Amino acid sequence: MDDAIVLKIELPKIPDIELVALEGLDRCAKHLGIAEDKVGEARILVTEAIINAFEHAAADSKSKVHVEFTLTAKQLIIFVRDYGKGFEPSAVPDPSIDQKLKSDNKRGWGLKLMKSLSDDFRIDSDSSGTRITIKKRLS
């Protein structure tokens, strides 16, 4: 991937900070001429990964999330890392549409959404934090 653009960002835990990463993604994608529909899907992936990292890491308010994009005209690799408590990915059940419709809590779709929009999705998690790697074909 010699022609790749690599963007690395360390995000502090403040409201709407994922927008900084999205701006970087948008600018890189525009530079490479990537189709808007593919950029839209990538934006959803990035947003979900970052919000989940901050929301579920159970780390303190000074925690940071590391985000890295490796972008070519053909592929985007998203890497998101937090330093929270970690979790067991296989213990997270897929949400049920029937149960969610009957519940006051409509949330909990992030992992399923990321899996469905990505071409390759991997979670590595332990007591030192969680690492999500997502690959998305862009052409």
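FYI, it's all coordinate maths here, none of it is from the lab. Just so it is clear, the model here is predicted, and its values are computed rather than measured. Cβ placement follows ideal geometry from the backbone for every residue including glycine, while neighbour counts extend to all protein chains displayed.
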- Task: Give me the distance in nm between label points sitting 7 Å out from Cα along the Cα-to-Cβ direction at LYS135 and GLU10, one decimal.
- Result: 2.9
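What's the exposure ranking of HIS31, HIS66, going from fewest to most Cβ atoms within 10 Å?
On the way: HIS31 11, HIS66 16.
The most exposed by this proxy come first: HIS31, HIS66.
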- Message: For the pair SER116/GLU23, report the inter-label distance in nm, with labels modelled 7 Å from Cα in the Cβ direction.
- Response: 3.1
- Task: Taking 7 Å along the Cα-to-C-beta vector as the label spot, tell me the LYS85-GLU55 distance in nanometres, rounded to one decimal.
- Result: 1.7
